[in-house]
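The values are calculated or read from the model by the stated rules, or taken from the named source; none is laboratory data. Here the structure is a predicted model, which means the values were calculated and not measured. Cβ: placed from backbone, ideal geometry, glycine included. Neighbour counts: every protein chain shown. Heavy atoms of the whole protein, side chains included, go into the accessibility calculation; ligands, DNA and RNA do not. Shrake-Rupley method; radii C 1.70, N 1.55, O 1.52, S 1.80 Å.
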Amino acid sequence: MIQSLTVAALVGLATVPALALQEGAPQVPGQMDASRVSGGTYVTDPAHTLVAWTVNHFGFNSYFGTFGDVDGTLQIDPADLSSAKVDVTIPITSVTVVSEGLRDHLLRPAKDGGDPDFFGAEPEAARFVSTSVDVGADGTSASITGDLTINGVTKPVTIDARFTGAGSNPMNKVETIGFEGTATIMRSDFGIDYALPLVSDEVELTISAAFEKQ
């Protein structure tokens with residue numbers, strides 16, 4: 001019996017991939033190491049850049065959705081981070097929620113020549129253009145102030161951002177840097193006042209962005 005178990009164990013080990021037998025785990029390509037960031041112009045990786053939004057629903061709980069396919073640029077100089085510039089466009093039609101009925105409502109056209117409840121059937125893309133960057137003492141966080149345009153209305157917004165990683169993307173070998181950020185807006189500022197105050201005016205935004213060097 002012992003001999004049989006020993007043979008079985010040896011056979012099992014022989015089938016384990018070589019990678020699993022190596023000492024230590026393989027290192028992920030992106031590391032939170034600011035020295036990996038080189039200056040230049042970067043563009044968003046639209047497949048891995050998301051803007052999530054959260055509102056309070058009827059005072060019962062939070063409801064959230066996301067926008068994807070974000071397109072834009074980041075210009076950055078590691079020696080002068082405060083000079084960084086961000087310009088991103090967020091297609092409203094990319095909105096994703098778990099309820100198909102709600103998505104239809106968000107993009108429902110206006111009735112009888114009035115304003116739509118939310119964005120309408122052919123909404124213009126939202127856009128954020130930075131106007132200043134205030135870098136934190138740690139060198140990896142920043143307050144990014146800029147102009148946010150939604151529904152044709154432009155308002156100043158500040159994003160609390162932090163650097164999350166840099167390295168070479170193993171899929172395309174392109175230098176990539178990542179950031180996460182948060183911001184709060186009032187949807188009524190942008191003409192979206194349907195169901196106030198049952199659905200909160202305050203909207204929390206959570207951003208996860210990947211930029212690839214050109």
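Scanning the stretch 123-137 for residues that are among the hydrophobic types (A, V, I, L, M, F, W, C), open to solvent by 40 Å² or more (accessible area, probe 1.4 Å) and either modelled with pLDDT under 95 or not in a loop (DSSP other than H, G, I, E, B) (or both) yields VAL129, VAL135. The condition of being open to solvent by less than 30 Å² (accessible area, probe 1.4 Å), touching an Asp or Glu at 6+ places or on another chain (Cβ under 9 Å) and not in a strand (DSSP E or B) does not hold for ILE185.
Scanning the stretch 168-182 for residues that are among the small types (Gly, Ala, Ser) and open to solvent by 30 Å² or more (accessible area, probe 1.4 Å) returns a single hit, SER168.
Pick from the stretch 189-206 the residues that are touching a residue at least 12 places away in the same chain (Cβ under 8 Å) and open to solvent by 40 Å² or more (accessible area, probe 1.4 Å): which of them is nearest to LYS155 (Cα to Cα)? Residue satisfying both the conditions and the ranking: ASP189. Residue-level analysis places ILE92 outside the set of residues that are closer than 24 Å to TRP53 by Cβ, open to solvent by less than 70 Å² (accessible area, probe 1.4 Å) and touching a Gly at 6+ places or on another chain (Cβ under 8 Å). A Cβ distance below 6 Å, combined with a sequence gap of six or more or placement on separate chains, defines the contacts here; from the stretch 44-67, residues that are over 12 Å from PHE211 (Cα atoms) reach no residue that is charged (D, E, K, R) and at pLDDT below 95.
Let's see how each residue does on (1) open to solvent by 50 Å² or more (accessible area, probe 1.4 Å); (2) part of a strand (DSSP E or B); (3) among the polar types (S, T, N, Q):
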{"position": "ARG103", "(1), (2), (3)": "yes, no, no"}
{"position": "GLY113", "(1), (2), (3)": "yes, no, no"}
{"position": "ALA121", "(1), (2), (3)": "yes, no, no"}
{"position": "GLY139", "(1), (2), (3)": "no, no, no"}
{"position": "THR154", "(1), (2), (3)": "yes, yes, yes"}
{"position": "ARG162", "(1), (2), (3)": "yes, yes, no"}
{"position": "ALA166", "(1), (2), (3)": "no, yes, no"}
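Residue check: is ASP117 touching a residue at least 24 places away in the same chain (Cβ under 8 Å) and surrounded by fewer than 15 Cβ atoms within 10 Å (Cβ to Cβ)? Taking the combined requirement at face value, the residue does not satisfy it. Here the stretch 15-65 is the region considered, the condition is being surrounded by fewer than 16 Cβ atoms within 10 Å (Cβ to Cβ) and among the acidic types (Asp, Glu), and the residue that is modelled with the highest pLDDT is ASP33.
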